[in-house]
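The next block holds one structure in the form of structure tokens; read it before the comments.
The values are calculated or read from the model by the stated rules, or taken from the named source; none is laboratory data. Worth saying up front: this structure is predicted, and the values here are computed from it rather than measured. No Cβ is skipped: glycine too gets one built from the backbone with ideal geometry, and neighbour counts run over all protein chains shown.
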């Protein structure tokens, strides 16, 4: 099959839940993840008659932030509209969204991408709009033992701030679409707009794809129009993509499927398909014979919100330095590995803020670069891995930067071994003990041990004559055993290297 | 306004209309649309919508407050199960009027 006869035209719709404490139009808390159903709900997000929406300032700031980060124009008036449809996950019968005047429009993002071992290429992805809306409730579908189908609804997610990023149909390959989605995720995390975790539903990606024979179409005002009398193929929308890597897989699958159908002379109908990650294929969901009829109208409950240039400037001032600049500082100036520097920059705002705070604290005792490398190494292998295991994203509640800096200093000054230090950190978390106190105790204990390390070493030599003889006979490995014995007696507080020297000195002496 | 359009509107609103109702409502809807048409004839280009404007700074600060209890949330639901609202019917169309 000759795929080069065809052009692939892709547009992306990306929904992101933004990171606020309260919902979009009411004060219900947004931290519903893993919580009991229907416990983060009030009359407003339940759509009870008479309840009025009150827009959340922070949510709109985050939407503007996302627009500024993707070179969008920011509208100076915010209008909200009602999008009507009847479905149990939408209790009001309409979703508050934006139709005519989105907050952000006309953005662009430079997408750099490369296949492994190939030259880096780029494509500019144009962003048509980023608008503010609210999330809907979560519904799960079940069947009763008698075959009766039913749906269970949890309104906790109803009304959580949601932004929708819509690109123009300008993306030319699955690879670029994948890279763009990754970049958007990174941008959202970098600027603290969202954690954008696709597994948790904080980010959703819906590509629309069409495949056209080369030379049959052109772009006119960002619409795809036929050349001469050519009949163009309708587009297909893919939903239910659960991870960033599935964006590329789903598009590739669908492009191949569409080309197969066309080659076989079948007619393509405009449709929505769902991605089945297990089977690795897209499945027909519904056809779009009649266009969606959402009967949009201005929401009379929400006044027009005026955004001044001063408001935008104030939001701009809160933006951190360019992420590439930060990456270069970590990678080139501080010599942190590519991989680690990337994680620190793009795991999210909380991550690099914590890391930089830790680095600054360590810089008072060590050289800037050493401080950075230790901070990176310790943060990634301890605090971040504990956070990933437990799902607790509040790094300071795992260990404050002050305590962690103390711990690292104790290690660097040979007061604690790396193992002992990590053990203290885990102990403080598991037993909910204050890390600062644990470090003070360990330091005191270490001091006592160092005072009589000679005695302990002598004891170990006296009670292990065989190992001592083996070592004298040239069996180097037995010194390791003896070091181990000392470590055991000192409960890991002794420094293994100096213990080793003292042992050798005593045996040879 | 013809019967087909009215049927479409009824479907979007998830209500079922009998043949008799369709016959009865079609001319009524026609009258409503005729009246609305008169309003549409008025030129409103360059007229600002009569809607209140508020400065960005006056918006609600992002502070979370207590929600209703699960019991209160579910108080109006006819069917419920393990803290969820329960709805019968298929995903697309045919949702039970509760």
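Summary table below
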{"read-out": "Selection within segment B:50-75 - closer than 30 Å to residue A:308 by Cα and more than 7 Å from chain A (Cβ to nearest Cβ)", "value": "B:50, B:57, B:58"}
{"read-out": "Unique residue being on the phi > 0 side of the Ramachandran plot and either surrounded by fewer than 19 Cβ atoms within 10 Å (Cβ to Cβ) or not in a loop (DSSP other than H, G, I, E, B) (or both) when the list is A:242, A:159, A:265", "value": "A:265"}
{"read-out": "Exclusive hit being closer than 30 Å to residue A:226 by Cβ and within 23 Å of the chain's Cα centre (by Cα), set A:165, A:209, A:187", "value": "A:165"}
{"read-out": "Condition met for residue B:78 (modelled with pLDDT of 90 or more, within 13 Å of chain A (Cβ to nearest Cβ) and within 26 Å of the chain's Cα centre (by Cα))", "value": "yes"}
{"read-out": "Flag if residue A:409 is assigned by TED's automatic domain parsing to the domain that holds residue A:381 and at pLDDT 80 or above", "value": "yes"}
{"read-out": "Residues that are surrounded by fewer than 18 Cβ atoms within 10 Å (Cβ to Cβ), in a strand (DSSP E or B) and within 14 Å of another protein chain (Cβ to nearest Cβ), drawn from segment A:69-123", "value": "A:77, A:84"}
{"read-out": "Filter pass, residue B:41 being more than 22 Å from the chain's Cα centre (by Cα) and surrounded by fewer than 11 Cβ atoms within 10 Å (Cβ to Cβ)", "value": "yes"}
{"read-out": "Residue in segment A:318-328 that is crowded, with 20+ Cβ neighbours inside 10 Å and in contact with a helix residue (DSSP H, G or I) (Cβ under 7 Å, 6 or more places away or on another chain) present", "value": "no"}
{"read-out": "Identity of the residue in segment A:24-45, touching a helix residue (DSSP H, G or I) at 6+ places or on another chain (Cβ under 6 Å) and either facing chain B (nearest Cβ under 8 Å) or part of a helix (DSSP H, G or I) (or both), that ends up nearest to residue A:99 (Cα to Cα)", "value": "A:41"}
{"read-out": "Residue A:232 being surrounded by fewer than 18 Cβ atoms within 10 Å (Cβ to Cβ) and either more than 30 Å from residue B:12 (Cα to Cα) or in contact with a strand residue (DSSP E or B) (Cβ under 7 Å, 6 or more places away or on another chain) (or both)", "value": "yes"}
{"read-out": "Residue B:14, sole failed condition from (1) on the phi < 0 side of the Ramachandran plot; (2) at the interface with chain A (Cβ under 9 Å from one of its Cβ atoms)", "value": "(1)"}
